[in-house]
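Visitor: Just passing along the structure, written as structure tokens.
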Amino acid sequence: MVQKMPIDEFLGVIRSRRSCRRFKPDLIPDEWLEKILEAGRWAMSGGNGQPWEFIVIKDQKTKDKIAELAARDREAHFQIERTRVEELRHHGYRQSPTNIPPLRAAPVVIAVVGDRRTMQSSNLYARFIFGEGGPAASYFKNMGNATQLLCLAAEALGLGAQWSSVNAAWEESLKTLLDVPEDLCIPTLVPIGFRDGKPAPPYRRKLSEIVHHEKYDRSRYRSGEDMYNFMVELRRRTRDAYSQGV
């Protein structure tokens with residue numbers, strides 16, 4: 001059996017990927033950017049519907065406007081998040097988010113545009129019986145696959161990237177800014193560039209905690225108290241990541 005590439009090399013790219021929130025102004029070579037987009041093109045999709053298209057944004061005025069729109073939306077998030085108890089609040093919303101640095105400072109922002117009409121390529125059962133989490137679930141999985149590959153390709157090139165979700169509250173304004181047709185969507189933005197700083201230490205649950213053999217091991221089922229403690233620890237680690245900006 002011949003491996004196409006050393007598996008540890010592949011895992012190394014996956015393990016080293018981090019959400020980058022602080023970028024250097026250095027430009028990305030066009031050939032690197034094309035490789036990143038090529039990776040996104042080869043994402044998996046139900047029925048091979050390939051719902052994704054990509055808008056490459058480099059103009060600073062456009063990026064500034066995108067960041068402004070994002071800040072308006074996240075202000076609403078902040079007002080809701082502050083109702084949580086302190087130890088469970090998302091660190092990104094511990095203060096009013098008047099600025100969204102990754103969207104403003106990254107040399108390139110990729111808008112991941114989706115076409116829901118491609119769901120016709122998959123079976124009709126999921127559309128009518130609401131399989132896989134809802135009638136549009138497979139479409140969003142497809143878009144997530146493409147977004148993840150963009151981020152992994154950036155990491156393979158030594159670049160930083162961030163998965164930035166676009167919420168319905170500001171998607172319409174974003175579509176107007178980028179002249180995206182009404183029946184298309186923008187579920188994610190991906191700012192990409194050279195990292196300005198060192199990534200925070202990684203955190204993932206141990207493999208022994210998440211893998212079951214033959215059937216679910218109920219001795220490892222997490223109680224409500226276990227989940228609360230997990231969330232408190234997760235928020236602590238999140239604070240470390242946000243404080244370092246990468």
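Visitor: Kindly provide the helix-only [θ] at 222 nm of the chain, computed as the sum of -39,500 (n - 2.57) over DSSP H runs of four or more divided by all residues, to the nearest 500 deg cm²/dmol?
Guide: Dividing the helical sum by the residues of the chain leaves -14000 deg cm²/dmol.
Visitor: Across all directions of projection, what mean area in square nanometres is found for the Cα convex hull of the chain?
Guide: Its average projected convex-hull area is 16.4 nm².
Visitor: Among 149-157, 58-66, what's the highest-first ranking by average C-beta atoms within 10 angstrom per residue?
Guide: 149-157, 58-66
Visitor: Please find the FRET efficiency linking Arg205 to Gln95, where r is the Cβ-Cβ separation and R0 is fixed at 25 Å, and quote it to the nearest 0.05.
Guide: Efficiency, rounded to the nearest 0.05: 0.30.
Visitor: Using modelled backbone amide H atoms (1.01 Å from N, in-plane), which distant-in-sequence or interchain residues come within less than 5 Å of Ile186's amide H?
Guide: Answer set, sorted by chain and number: Gly114.
Visitor: Turning to a different aspect of this structure: Working out 0.36 nm times the residue gap between Val232 and Val56, then minus their Cα-Cα distance, what length gain in nm do you get to one decimal?
Guide: Working it through step by step, the gained length comes to 59.6 nm.
Visitor: I need the chymotrypsin sites (Phe, Trp or Tyr not before Pro) found in the range 9-82, filtered to DSSP loop residues with at most 14 other beta carbons within 10 Å of theirs.
Guide: Trp42
Visitor: Additional query: For an R0 of 35 angstrom, estimate the FRET efficiency from the Cβ-Cβ distance between Lys198 and Glu87 and round to the nearest 0.05.
Guide: E between Lys198 and Glu87, to the nearest 0.05, is 0.85.
Visitor: Any aspartates and glutamates with Cα under 18 Å of the Lys175 Cα? List them, leaving off those in the same chain fewer than 8 positions away.
Guide: Glu53, Asp59, Asp64, Glu68, Asp73, Asp115, Asp183
Visitor: Using only alpha carbon pairs under 8 Å that are at least six residues apart, calculate the relative contact order of the range 75-229 and give it in whole percent.
Guide: Relative contact order of the range 75-229: 25 percent.
Visitor: What is the spin-label model distance, in nm, from Phe10 to Asp26 if the labels are put 7 Å beyond Cα along the C-beta direction?
Guide: 2.9 nm
Only the coordinates and a few stated rules stand behind these numbers; no lab work does. Fair warning: this is a prediction, and the values are worked out from it, not measured in the lab. Positions of Cβ are generated from backbone atoms using ideal geometry, with glycine treated the same way; all protein chains shown enter the neighbour counts.
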